[in-house]
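Okay, structure first, notes after.
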Amino acid sequence: MNQSESSNQELQPITNIDPLIHAPTRLKIMAYLSIVESADFTFLMNQTGLTRGNLSVNLRKLEDAGYISIKKVFVDRIPRTLIRLTGEGRLAIQTYRENMQQVLNELLGDKE
Amino acid sequence: MSQEQDFKKLRQKTYASYHQDGLIDMIIGWAILGFGINMALDNSVFLFLGWLPIILYVPIKNRFTVPRIGYVKFSSTNSLILGIVLAVLLVLLLGIFILLIVGPDLVPPQISEWFRNYYLLLFASILGLGFAAAAYATGITRFYAYAVTLVFVFAAGIWLEVPEPVYVIIAGLLIEVVGVMLMVRFLRRYPKSNEDGLNEPE
């Protein structure tokens with residue numbers, strides 16, 4: 001096996017990284033949603049520091065991928081847009097973390 | 001740094017952010033204050049008034065905090081762990097009081113005497129442990145300061161031979177004042193948001 005083939009093999013895990021989650025804005029959203037049961041739009045906007053429009057667009061993308069569910073509900077008689085990770089979304093963020101760790105380990109030569 | 005630690009930090013940061021309104025501090029301070037006034041006046045109405053805001057916590061949170069920073073529901077696992085720790089401390093507290101009130105004959109007289117002299121310091125230490133456990137679990141670091149303050153104020157009060165209710169009231173007031181200051185800062189920093197929802201993508 002020559003050097004180029006070996007390098008390609010080491011970087012193979014990079015192709016497993018989910019590009020939908022890898023984008024910084026969506027990664028932020030997914031990370032916050034992974035540590036709570038559910039949050040509303042205003043809370044996510046405050047925590048992530050994203051603008052209303054930017055957050056809306058990225059939430060739609062994550063919803064289309066089936067990673068999050070968005071529901072209009074009433075919490076104590078106040079209408080709220082509740083957002084939560086779906087089972088698929090939870091698995092996706094977990095897999096993303098594992099793949100990223102693997103990529104970093106490969107690149108830094110810290111194989112566990 | 002492990003991934004678990006990363007997520008723990010993010011969880012704590014989010015938790016601390018949700019409780020930056022000082023409401024929880026005001027409720028705890030008020031309860032201690034009520035306890036102190038009850039001791040001073042020997043009137044249990046104040047004890048009841050001290051605990052009353054606890055049932056108002058959720059409505060107040062929904063009225064003032066949620067419209068400003070949004071609504072979040074934390075995972076039940078964390079709340080469960082914190083709940084267990086606080087329940088253990090509550091049982092310890094109750095144990096001390098039962099030992100003091102019901103069964104002084106059950107323990108040697110020296111221990112009974114020590115309890116009688118320093119029960120408030122013990123009470124403050126257990127409350128302090130509760131604050132420290134809550135601070136560790138939630139990332140609300142000012143709770144560490146409350147833990148130290150409670151024990152310090154109670155110990156100083158006993159050492160300086162200040163009447164018991166005075167230092168209980170002082171401890172409650174300190175926490176209450178911090179809570180009010182945090183609430184004022186929170187209300188100034190976060191204006192009420194009337195909008196909640198997605199913009200339709202253009």
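Key figures
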read-out: Candidates B:147, B:124, B:156, B:137, filtered to the one that is under 20 Å from residue B:86 (Cα atoms) and without any contact (Cβ under 8 Å) to a residue 40 or more places away in the chain; value: B:147
read-out: Residue tally, condition more than 10 Å from every other protein chain (Cβ to nearest Cβ), hydrophobic (A, V, I, L, M, F, W, C) and under 21 Å from residue B:12 (Cβ atoms), over the stretch B:40-74; value: 0
read-out: Residue A:85 vs. criteria more than 9 Å from chain B (Cβ to nearest Cβ) and open to solvent by 20 Å² or more (accessible area, probe 1.4 Å); value: no
read-out: Options B:44, B:125: the member that is modelled with pLDDT of 85 or more and of a type in the set (Ser, Thr, Tyr); value: B:125
read-out: Among the candidates A:57, A:36, A:103, residue that is open to solvent by less than 80 Å² (accessible area, probe 1.4 Å) and at pLDDT below 85; value: A:103
read-out: Enumeration of residues in the stretch B:42-55 that are loosely packed, with under 14 Cβ neighbours inside 10 Å and touching a residue at least 24 places away in the same chain (Cβ under 8 Å); value: B:54
read-out: Considering residues of the stretch A:56-70 that are without any contact (Cβ under 8 Å) to a residue 40 or more places away in the chain and under 17 Å from residue A:45 (Cβ atoms) only, the residue farthest from the other protein chains (Cβ to nearest Cβ); value: A:68
read-out: Hits in the stretch A:39-54 - residues which are at the interface with another protein chain (Cβ under 7 Å from one of its Cβ atoms), open to solvent by less than 20 Å² (accessible area, probe 1.4 Å) and of a type in the set (S, T, N, Q); value: A:42
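Each row is one residue, and each column tells you yes or no for (1) in contact with a helix residue (DSSP H, G or I) (Cβ under 6 Å, 6 or more places away or on another chain); (2) at pLDDT below 75; (3) assigned to a helix (DSSP H, G or I); (4) not aromatic (Phe, Trp, Tyr).
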| site | (1), (2), (3), (4) |
| --- | --- |
| B:8 | no, no, yes, yes |
| B:11 | no, no, yes, yes |
| B:25 | yes, no, yes, yes |
| B:63 | no, no, yes, yes |
| B:67 | no, no, yes, yes |
| B:78 | no, yes, yes, yes |
| B:94 | no, yes, yes, yes |
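The values are calculated or read from the model by the stated rules, or taken from the named source; none is laboratory data. For clarity, every value in this text was computed on a predicted model and none was experimentally measured. Quick reminder, even Gly has a Cβ in these numbers, built from the backbone with ideal geometry, and neighbours come from all protein chains shown. Just the protein is used for accessible areas: all its heavy atoms, side chains included, with ligands, DNA and RNA removed. Shrake-Rupley method; radii C 1.70, N 1.55, O 1.52, S 1.80 Å.
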